[in-house]
Amino acid sequence: MDNVHLVPEEEEDDLYTGYNDYNPTFDGEDLHNDEGFQQAVRTSHGRRPPMTAKYPGTAIGGRPIGTAYGSRMPVGTAMGRPMTGAVQDGAARPMTAVRAAGYSSSIARGSVFDPLGQSKGPAPPLETRNEDTPEEKIKILEKKVNDLIEESCLAHARGDLQLSLEKAKEAGRKERALVRQREQTGTADHINLDLTYSVLFNLANQYANNDMYTEALNTYQVIVKNKMFSNAGRLKVNMANIYFKQKNYTKAIKFYRMALDQISNAHNAMRIKIMQNIGVVFIHMGQYSDAITSFEYIMSENPNIKTGFNLILCYYAIGDRERMKKAFQKLICVPLGIDDDDKYIPPNDDPHANMVIEAIKNDKLHQMERERKALAEKYIMTSAKFIAPAIESSFAAGFDWCVDMVKGSQYVELANDLEINKAITYLRQRDFRQAVETLKMFEKKDSRVKSAAATNLSFLYFLEKDYDQADRYAELAMSADRYNPAALVNKGNTEFVKEDYEKAAEFYKEALHNDSSCTEALYNLGLTYKRLGRLEEALDCFLKLHAILRNSAQVMYQLANLYEMLEDPHQAIEWLMQLTSVTPTDAQVLAKLGDLYDNEGDKSQAFQYYYESYRYFPSNISVIEWLGAYYIDTQFCEKAIQYFERATLIQPTQVKWQLMVASCYRRSGNYQKALETYKDIHRKFPENVECLRFLVRLCTDMGLKEVQDYATKLKKVEKMKEIREQRVRSGRDSSARGRREGSAGSDSGQSNHGTSAKGERLSVKLKTLPGSNEPYEASTQQEIDASYVDPLGPQMQGPKTAARKRTEEDEFADEELGDDLLPE
């Protein structure tokens, strides 16, 4: 206490004393004249070790207490600056509570400035978490459950439904283990109900996605019956959806209404959707009055396009004309909630606005607006088409009423489309005159409608084989809209018919340039290259088309036919095999496969496909003949008889098949049946030489008395045959002589010409019969009667014969049918 000095009471404490005192220590103007300072700078005088205190720096003890006033003895420096931290008797400066940042009185000599303590090295590692504690185990298990739910959802998004269900089941098992663990540790009050709800809800969803409806309903019941889950009643909508998929409409209605009761009026959008579902279920049940009640409520509260369309369907089902009209008027007045397209038109004077409009022109929002508008137009067009015949006495009057209503709505541009659909309806009713008159009304309309109408007119005249008018209207459609691919395709078709294939190919290429997805132009271009003999380019066209139309039977057949023409039978067989997976009952394709395998020498495979072709179409003469010849080659003549008998039924005027039947009986050793068959043939064809020869041979072998009669008849027939052949030869010689001399009269020329023609027809007819020494069973493909036409006709044939060429052209015209008519 000796060093403590108290302030005398009589002195007054002036708070503002000392502010004007000048301390010479802070005077830095004469430092270069201060010898002590200069010596400290030049030598180590200024780095002397600090003075240490004589007493330990403890909080309590014999250390003197220093104060801010009184007992300090200033020690002079070179400039008389008082030394801080010194007290009387050489004691160290007392410890204070606050120390200057970054400085320490005990810093070792030579140490660096390190206020953040970075020189001490990295911080020690954190203490490892002990995962053996129950709480840590529970946290890890909860994380695993959450991860499994997320993996299940991701698998469902990828389309892997089985994996998503397995992950959902595993998450359920883990969650139950988590609940048991909490109960064992006595923390059952902290069970995560949200996690339990997520697990059960995801599991029920995955059951429903995998069509396991019973398990899904049981899981939803677990959630709904648990009172601890808030708003679980909404899941009854999901349960109703499952009952709807199971076609249990009564229970679906019940659960929809239960969900409707548990949803407050604040969630009006949800209630509207549930009522829409109820209306749809009533439609499936045939209760149109109840469905109308639901849809009318929705149209009064929050109208939308789908509900308006369903309401029209219900009125149409009950046949209420007036309410159909009112519902159609409501439908075209439903607001779509989208902006006009004018905002996407860029102004010319503002480059910044132009950039913004270019950025939003094809963004997701604009795409959604376009889709919504297209859907509304589709529903309006469909509604107009099926109510038009019902609301008026004739469908034309009904269309006119719908057109008038549409013209006064926001869908003005649909009026012209309705008029074109009116023309298409005339086409479906085979009223071509009215269709043409309706389409001709558009010749003075705007370019888009004019082009569409002219395209349909060109298509109509093309079907009627009036190629001049088809070409005229195709030109008109192209002049109205040069970028109309359907008009270019029609123009190419007219050039194709004129056999100007190069020009047709140019129009098809232009159509593809304007619309790369125009499959009709690509198909016809392939046919054009095929006619030009540019098979590789045709193959390229059809391969591109196959990439677009993966299951098109026509494209696959054309590819097979091109590979056959390129002498690659293995690729042709491969494409025909793919074709059979698309059309497994096409008899012509199966017969073509049999023909290719037969050419390759694989008789067993050829027989399999020929037999399948016969099963689906037992009237194909070529297939019947091949099967009969196959059984004869394999020495099963009895089985060949049924095929030749079938051929006899198809071509009863052809003696060839009846002779084949008799020959099969003779080869199999049934001579009596063969004799009866030959006799029957002789009654039908008494002048047939081959039948008489075999009758003579059989009667001779069997020792019958009729042999002499048949021998006499045979001689007469052979003599008549020689006379006919002599007349044919003489007629040919005389006609040739008359042409050389040029002096034959017109009458004799006509007579000779007629004789020649008759002789030629006779010779053709005789060529269809086998020679006298030929076995009948060795008949070839060329022996088929050329006048026979397949009743069904080949569906997809290559241009090998006249019939095949005709079929390909018919197929060509049919291909254009889907493109030239405007889409609905």
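The values are calculated or read from the model by the stated rules, or taken from the named source; none is laboratory data. Please read all numbers here as calculations on a predicted model, not as lab measurements. With ideal geometry, Cβ positions are generated from the backbone for all residues, glycine too; neighbour counts draw on all protein chains shown. Accessible surface areas use protein heavy atoms only, side chains included; no ligands, DNA or RNA. Shrake-Rupley method; radii C 1.70, N 1.55, O 1.52, S 1.80 Å.
So the values come out like this:
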| read-out | value |
| --- | --- |
| Test result for Lys378, open to solvent by less than 90 Å² (accessible area, probe 1.4 Å), within 27 Å of Leu418 (Cα to Cα), assigned to a helix (DSSP H, G or I) and of a type in the set (Lys, Arg) | no |
| The one condition in (1) assigned to a loop (DSSP other than H, G, I, E, B); (2) in contact (Cβ under 8 Å) with a residue 40 or more places away in the chain; (3) polar (S, T, N, Q) that Asn490 fails to fulfil | (1) |
| Condition broken by Arg158, with the remaining ones in (1) surrounded by 14 or more Cβ atoms within 10 Å (Cβ to Cβ); (2) under 33 Å from the mean Cα position of the chain (by Cα) satisfied | (1) |
| Flag for Met239 being open to solvent by 50 Å² or more (accessible area, probe 1.4 Å), assigned to a helix (DSSP H, G or I), closer than 30 Å to Arg158 by Cα and not β-branched (Val, Ile, Thr) | no |
| Options Lys407, Lys465, Lys498: the member that is touching a helix residue (DSSP H, G or I) at 6+ places or on another chain (Cβ under 9 Å) and on the phi > 0 side of the Ramachandran plot | Lys465 |
| Subset of region 284-296 [out of contact with any Cys (no Cβ under 7 Å at 6 or more places or on another chain), surrounded by fewer than 20 Cβ atoms within 10 Å (Cβ to Cβ) and not acidic (Asp, Glu)] | His284, Met285, Gly286, Gln287, Ser289, Thr293 |
| Flag if Cys699 is in contact with a Leu (Cβ under 8 Å, 6 or more places away or on another chain), modelled with pLDDT under 90 and surrounded by fewer than 21 Cβ atoms within 10 Å (Cβ to Cβ) | yes |
| Single condition Ser619 does not satisfy, out of (1) under 18 Å from Gln588 (Cβ atoms); (2) hydroxyl-bearing (Ser, Thr, Tyr); (3) part of a helix (DSSP H, G or I) | (3) |
| Only one of Thr585, Thr528 that is outside any helix (DSSP H, G or I), β-branched (Val, Ile, Thr) and within 31 Å of the chain's Cα centre (by Cα) | Thr585 |
| Tabulated pairs, region 148-166, first β-branched (Val, Ile, Thr), second in a helix (DSSP H, G or I), C-beta under 9 angstrom, 6+ apart or interchain | Ile149/Lys167; Ile149/Ala168; Ile149/Ala171; Ile149/Leu195; Ile149/Ser198; Ile149/Val199; Ile149/Asn202 |
| Options Lys673, Lys639: the member that is open to solvent by 50 Å² or more (accessible area, probe 1.4 Å), under 19 Å from Ala606 (Cβ atoms) and in a helix (DSSP H, G or I) | Lys639 |
| Count - residues of region 499-554 that are open to solvent by 50 Å² or more (accessible area, probe 1.4 Å) and touching a His at 6+ places or on another chain (Cβ under 8 Å) | 0 |
| Residues that are of a type in the set (Gly, Ala, Ser) and in contact (Cβ under 8 Å) with a residue 12 or more places away in the chain, drawn from region 376-397 | Ala376, Ser383, Ala384, Ala388, Ala390, Ala396 |
| Pairs with Cβ under 8 Å, 6+ apart, first in region 413-439 and within 14 Å of Leu463 (Cα to Cα), second crowded, with 17+ Cβ neighbours inside 10 Å and aromatic (Phe, Trp, Tyr) | Phe432/Tyr426; Ala435/Tyr426 |
| Single condition Glu413 does not satisfy, out of (1) at pLDDT below 80; (2) in contact with a helix residue (DSSP H, G or I) (Cβ under 7 Å, 6 or more places away or on another chain) | (2) |
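The rows are residues; the columns are (1) open to solvent by 50 Å² or more (accessible area, probe 1.4 Å); (2) of a type in the set (A, V, I, L, M); (3) modelled with pLDDT of 75 or more.
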site	(1), (2), (3)
Asn421	no, no, yes
Thr438	no, no, no
Arg448	yes, no, no
Glu464	yes, no, yes
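Conditions (1) open to solvent by 30 Å² or more (accessible area, probe 1.4 Å); (2) farther than 23 Å from Phe644 by Cα; (3) of a type outside the set (Val, Ile, Thr), marked per residue:
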residue	(1), (2), (3)
Ala572	no, yes, yes
Met577	yes, yes, yes
Thr583	yes, yes, no
Asp586	no, no, yes
Asp595	yes, no, yes
Arg615	yes, no, yes
Asn620	no, no, yes
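For (1) β-branched (Val, Ile, Thr); (2) out of contact with any Lys or Arg (no Cβ under 9 Å at 6 or more places or on another chain); (3) part of a helix (DSSP H, G or I); (4) at pLDDT 90 or above, each residue gets a yes or a no:
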| position | (1), (2), (3), (4) |
| --- | --- |
| Ile272 | yes, yes, yes, yes |
| Ile278 | yes, no, yes, yes |
| Val281 | yes, yes, yes, yes |
| Leu313 | no, yes, yes, yes |
| Pro335 | no, yes, no, no |
| Asp339 | no, yes, no, no |
| Met355 | no, yes, yes, no |
| Glu369 | no, yes, yes, no |
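Rundown of residues vs (1) open to solvent by less than 20 Å² (accessible area, probe 1.4 Å); (2) within 34 Å of the chain's Cα centre (by Cα); (3) not charged (D, E, K, R), yes/no style:
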site	(1), (2), (3)
Ser383	yes, yes, yes
Ala390	no, no, yes
Ser393	no, no, yes
Phe399	yes, yes, yes
Met405	no, no, yes
Gly408	no, no, yes
Tyr411	yes, yes, yes
Asn416	no, yes, yes
